[in-house]
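Asks: Provided herewith is a single structure, encoded as structure tokens, for subsequent inquiry.
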Amino acid sequence: MTRVFMVLLSVGLGWWLVGTPGPVTAQDLFGNPQRGKGIYEQQCQRCHGAGGWGDGPDAPGLKIPPANFHRFITQMKSDEQLFTTIEFGLALSPMHGWRGRLTDRQMEDVIAYVRALAQRGR
Ligand code: HEC
């Protein structure tokens, strides 16, 4: 009986040690804005703008204006909803899907950065 208990204990302890490589911060739970910043600057900024106001250098040439991430309607959307938009894009819109160009992790990171941008003022 004690043997079974010891086995279970060491399995549990091992899982805990391997499963938690460091302190889990809130940032790691869904995306990391620091990593997302570089992706955003390379891939998204030209349309959505450096501050996320939808005013990037390519914006004036688009038939549909890029989303302004500061709008309440975008902020109300869940991470999953934004993820789906980024993954598959929007129909008939210059916002195409990024599946195949960005990994899941990169899309999560870029969402975290978009959320951080939306908190900032002008
Ligand atoms: C070619 C210009 C362009 C690029 C590049 C671009 N977007 Fe967009 N994006 C748009 C446009 C235009 C819309 C609005 C589409 C609509 O309303 O139909 C949009 C909408 C969105 C939305 C939806 C917001 C909402 O309220 O639902 C998200 C999220 C988004 N973009 C994220 C990104 C991310 C992240 C990147 C970079 C990986 C990116 N976009 C790159 C043009 C672009």
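Asks: Taking 0.36 nm per residue of separation and subtracting the Cα-Cα distance, what length does fully extending K63 through L90 add?
Replies: 8.4 nm
Asks: Would you pull out the residues with amide H under 5 Å of M95's amide H, same chain only if 5 or more places away, H placed 1.01 Å from N?
Replies: Long-range HN contacts for M95: L90.
Asks: Then there is this: For the stretch 26-119, take the alpha-carbon Rg, divide it by the Kirkwood Rh, and send me Rg/Rh.
Replies: Using Cα coordinates only, the ratio equals 0.93.
Asks: Given a 1.4 angstrom probe, what's the average accessible area per residue across the stretch 77-122, in square angstrom?
Replies: Each residue of the stretch 77-122 exposes 61 Å² on average to a 1.4 Å probe.
Asks: Here is a further query. Modelling each spin label as a point 7 Å along the Cα-to-Cβ direction, I'd like the K77/R46 distance in nm, to one decimal.
Replies: Here the answer is 2.1 nm between the modelled labels.
Asks: Another question, then. Mind listing the phi-derived Karplus ³J(HN,Hα) values for the stretch 88-105, rounded to whole Hz, using 6.51, -1.76 and 1.60 with θ = phi - 60°, and x for any glycine or proline?
Replies: 9, x, 10, 4, 6, 10, x, 7, 8, x, 10, 4, x, 9, 10, 7, 3, 4
The values are calculated or read from the model by the stated rules, or taken from the named source; none is laboratory data. Since the structure is predicted, the reported quantities are computational estimates derived from the model, not experimental observations. Quick reminder, even Gly has a Cβ in these numbers, built from the backbone with ideal geometry, and neighbours come from all protein chains shown. Keep in mind that these areas ignore ligands, DNA and RNA; they rest on the heavy atoms of the full protein, side chains included. Shrake-Rupley method; radii C 1.70, N 1.55, O 1.52, S 1.80 Å.
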